[in-house]
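Undergrad: Below is one structure. I have some questions about it.
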Amino acid sequence: MAERSRGVGGLVDRAMSRRACRTPIFGPVKLSVIGCGYLGAVHAASMAELGHEVVGVDVDVDRVERLSRGEPPFYEPGFAELLRRGVDEGRLRFTTDMGDVAGARVHFVGVGTPQRESGYAADLSHLDAAMTSLLAVMADHPVPGALVVGKSTVPVGTAARLQEWCGSEGVAATVVWNPEFLREGFAVQDTLTPDRVVYGLPEDRAAGEAARDLLDEVYAGVLSHGMPRLVTNYQTAELVKVAANSFLATKISFINAIAELCEATGADVTRLAEALGHDERIGPKFLRAGVGFGGGCLPKDIRAFMARAGELGVDQALTFLREVDAINQRRRQHAVAMAERHFGGSVRDRRVAILGAAFKPDSDDLRDSPALYVATRLVGQGADVVVTDPIALPGLHARYPHIQTAPNARAACVDAELVMLLTEWTDFTGLEPDQLGSVVKERAIIDGRNALDPARWEAAGWSYRGMGRASTTW
C-alpha cells in the first residue's frame, strides 16, 4: 500500500534523527508483544526499530501471516517501512503460538478492550484470555525479573488484579502499567518520540525499582534525548489515558455545542474558536467544530470511564461525560438533517457524494466513523449515495458492500446534487471548486469538518454550509 501525506517517507527518519535507534544503550532486550492489532503491531515494529529482539503474538492467523511477510494489515503512515525492516533484518517475527514468547524478559500486552455489547463497561475477555495463556508459558519457563507490561486501556484496578493473578499462578513476575498515547495517523511518531512515558509500578518498592530499571533499558533510545518519564502507582497510570481521552472528547463536544448556538444566532464558530484559542489557558487544538469524533478509542473509553466510576460509587463525578457523548452523537444526526433540509425535507432518490469514510484522515479505521454513520443513514432514507476515501475503501467494501463507492472525489461527484465533506483528507481539502463544479449537477456542499474556505467556494458559485459557521466571514 502506498504511503500518503505529510511526507511520510521521511517521518521515521525525522523521528529517529537524534539517535542510533538500532544500537540500544544497554543492549537489546528480548521482548514479546501480546496482541498485534493496531496498537500491538506498531509497538512491536517500533521496539524492533529500537534494536530489541521482538516476537509478536496474535490469535488471528491471517493477520500473523501478513505481518510475517512484512505486509501491514492496516494503514498507518510510516508503519510499513518499520515493519518490513524489522522482519527483513530478523529482529521482528510474528506467531500464533504463545509458547514462542518463552525466555522473553518483558511481555507487553496490547490486546483490545472494546465496549461490552451489554453496556458501557470495557470488555476484558481478550485481556484475560491472553493472560491465561501467557502465565502458563511463564510458569513453565520462568525468567528472573520478568515483566508483564500492560499497554491496553483498562478500568482502574486492573493492574493490581493482574499482579495478584501472577502470584496465584506461582509466576514471579512484576506487572507494570505503561499506557499508550497513540494518535492514529501519528502512531509511529508517538511511539518513537512520545511526549511522555508513564510507568505505573507496584507498591513493593524493590520490585518497582527493578521494573523501572528494566523498562529504562527497553526505552533507552526514547529516553536518551529528554522525553519526560513519569513514575506513578498503578491507579494513576491506568487513569492517565482515559482521563486524557475524556478531556479531549469534552473539548471537542464543547466547541460542537457552541456550534449549535452559533447556527441559531448567526455567529461563526470558526472565528469564535480562533479567539478562544489565543487564551493560553485553553489553546487552539481540538476546537474545530464538525460532525464529531469517532474511532476505536474516544467513544468507548469515555463510556468505560463512566461505567467504572459507577462501579466505584463515584458516578456523579463523571456525569458530564454523558452529555459529551450525547453532543457527539447529535452532531452526526445534525449532518443528516442538513442534507434533508437542503432537499426540502427528503433525500430519497437524490444523489449525494460523500468525501471520506474513515473516522479521521491518515487512517483506514472505520470504527464508529461519523462519515460512515451519515452515509448509512442517507442510504437508509433512499438517497443515491456515493462514497470515496483515499485509503479506507477496501474496508468499506468488505463491511458495507451495498454502499456505492468511487475511486476519487471527481468520480464520486459526477451528477451529484449535494457534496458532503466528512473526513478532512488533504485530497479533499485541496480540491479546486471550479474543477469539481464541472462534474456535479448542483454546486452545493456541506463542510462537515469546517475545513474549507467558504468565500472561495461561494466565489465559484457553490452553496456552502458549514457546521456552526457563517457562509462568509469578515
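Undergrad: Whether any residue in the range 200-211 is charged (D, E, K, R), within 17 Å of V240 (Cβ to Cβ) and open to solvent by 10 Å² or more (accessible area, probe 1.4 Å) is what I want to check.
TA: First, the residues of the range 200-211 that are charged (D, E, K, R): 203-205, 209.
Keeping just the survivors that are within 17 Å of V240 (Cβ to Cβ) gives none.
No, the conditions are met nowhere in the range 200-211.
Undergrad: Of all the helices (runs of 4 or more DSSP H) wholly in the range 280-385, which have at least 3 residues that are among the charged types (D, E, K, R) and more than 22 Å from the chain's Cα centre (by Cα)? Steps first, please.
TA: Details: elements: 298-311, 320-342, 370-380.
Hits in the range 280-385: none.
Undergrad: Okay, next question. Given the criteria part of a helix (DSSP H, G or I) and surrounded by fewer than 15 Cβ atoms within 10 Å (Cβ to Cβ), does E260 qualify?
TA: Values: part of a helix (DSSP H, G or I): yes; surrounded by fewer than 15 Cβ atoms within 10 Å (Cβ to Cβ): no.
For E260, the condition - part of a helix (DSSP H, G or I) and surrounded by fewer than 15 Cβ atoms within 10 Å (Cβ to Cβ) - is not met.
Undergrad: Which one of the conditions (1) under 17 Å from the mean Cα position of the chain (by Cα); (2) open to solvent by 10 Å² or more (accessible area, probe 1.4 Å) does P144 fail to meet, given that it meets all the rest?
TA: Going through the list (1) under 17 Å from the mean Cα position of the chain (by Cα); (2) open to solvent by 10 Å² or more (accessible area, probe 1.4 Å), P144 breaks only (1).
Every residue, every condition in (1) open to solvent by less than 10 Å² (accessible area, probe 1.4 Å); (2) farther than 25 Å from A444 by Cβ; (3) in contact with a Ser or Thr (Cβ under 8 Å, 6 or more places away or on another chain); (4) touching a residue at least 60 places away in the same chain (Cβ under 8 Å), yes or no:
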{"position": "V352", "(1), (2), (3), (4)": "yes, no, no, yes"}
{"position": "V386", "(1), (2), (3), (4)": "yes, no, yes, no"}
{"position": "P394", "(1), (2), (3), (4)": "no, yes, no, no"}
{"position": "R399", "(1), (2), (3), (4)": "no, yes, no, no"}
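Undergrad: In the range 166-199, what residues are among the charged types (D, E, K, R) and either within 12 Å of K151 (Cβ to Cβ) or open to solvent by less than 10 Å² (accessible area, probe 1.4 Å) (or both)? Break it down into steps so the answer makes sense when it comes.
TA: Keep residues of the range 166-199 that are among the charged types (D, E, K, R), which gives 169, 180, 183-184, 190, 195-196.
Once the filter is applied, which keeps residues that are among the charged types (D, E, K, R) and either within 12 Å of K151 (Cβ to Cβ) or open to solvent by less than 10 Å² (accessible area, probe 1.4 Å) (or both), the range 166-199 yields only E180.
Yes/no per residue for (1) in contact (Cβ under 8 Å) with a residue 40 or more places away in the chain; (2) surrounded by 13 or more Cβ atoms within 10 Å (Cβ to Cβ); (3) farther than 29 Å from L124 by Cβ:
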{"position": "L276", "(1), (2), (3)": "no, yes, yes"}
{"position": "F293", "(1), (2), (3)": "yes, yes, no"}
{"position": "I302", "(1), (2), (3)": "yes, yes, no"}
{"position": "A335", "(1), (2), (3)": "yes, yes, yes"}
{"position": "V347", "(1), (2), (3)": "no, yes, yes"}
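Undergrad: Name the pairs: first residue in the range 438-464 and within 20 Å of V269 (Cα to Cα), second residue polar (S, T, N, Q), Cβ to Cβ under 6 Å, at least 6 apart or on different chains?
TA: Short answer, once both residue conditions are applied: N450/T270; A451/T429; P454/S471; P454/T472; A455/T472; Y464/S471.
Undergrad: Within the range 149-181, which residues are closer than 16 Å to T232 by Cβ and either among the aromatic types (F, W, Y) or touching a strand residue (DSSP E or B) at 6+ places or on another chain (Cβ under 6 Å) (or both)?
TA: V149, G150, K151, A159, Q163, T174, V175, V176, W177, N178, P179, F181
Undergrad: Applying the selection to the range 418-445, what residues are within 21 Å of A392 (Cα to Cα) and either open to solvent by 10 Å² or more (accessible area, probe 1.4 Å) or under 25 Å from the mean Cα position of the chain (by Cα) (or both)?
TA: M420, L421, L422, T423, E424, W425, T426, D427, F428, T429, G430, L431
Undergrad: Could you list, in sequence order, the residues of the range 63-83 that are over 22 Å from D128 (Cα atoms) and free of Cβ contacts under 8 Å to residues at least 40 places away in the same chain? Don't jump to the end; show me each part of the working.
TA: Filtering the range 63-83 for residues over 22 Å from D128 (Cα atoms) gives 65-83.
Listed by number, the residues that qualify are E65, R66, L67, S68, R69, G70, E71, P73.
Undergrad: Within the bounds of the range 199-216, is there any residue that is closer than 19 Å to V324 by Cα, in contact with a Lys or Arg (Cβ under 8 Å, 6 or more places away or on another chain) and modelled with pLDDT of 95 or more? Steps first, answer last, please.
TA: Quick first cut of the range 199-216, residues closer than 19 Å to V324 by Cα only: none.
No.
Undergrad: Name the residues in the range 213-243 that are closer than 16 Å to R183 by Cβ and open to solvent by less than 30 Å² (accessible area, probe 1.4 Å), would you?
TA: K241, V242
Undergrad: Going through E424, E417, E442 one at a time, which residue ends up being modelled with pLDDT of 95 or more and either polar (S, T, N, Q) or closer than 22 Å to R183 by Cβ (or both)?
TA: Working: E417 fails: either polar (S, T, N, Q) or closer than 22 Å to R183 by Cβ (or both); E442 fails: either polar (S, T, N, Q) or closer than 22 Å to R183 by Cβ (or both).
Of E424, E417, E442, the one residue that is modelled with pLDDT of 95 or more and either polar (S, T, N, Q) or closer than 22 Å to R183 by Cβ (or both) is E424.
Undergrad: Tell me yes or no: at least one residue of the range 158-165 is within 19 Å of V55 (Cβ to Cβ) and buried (at least 21 other Cβ atoms within 10 Å of the Cβ).
TA: Let us first name the residues in the range 158-165 that are within 19 Å of V55 (Cβ to Cβ), namely none.
No; the residues of the range 158-165 include none that is within 19 Å of V55 (Cβ to Cβ) and buried (at least 21 other Cβ atoms within 10 Å of the Cβ).
The values are calculated or read from the model by the stated rules, or taken from the named source; none is laboratory data. Everything numeric in this text was worked out from a predicted model, so none of it was measured. All Cβ positions, even for glycine, are placed from backbone atoms using ideal geometry, and neighbour counts span all protein chains on display. These accessible areas exclude ligands, DNA and RNA; they are computed on the full protein's heavy atoms, side chains included. Shrake-Rupley method; radii C 1.70, N 1.55, O 1.52, S 1.80 Å.
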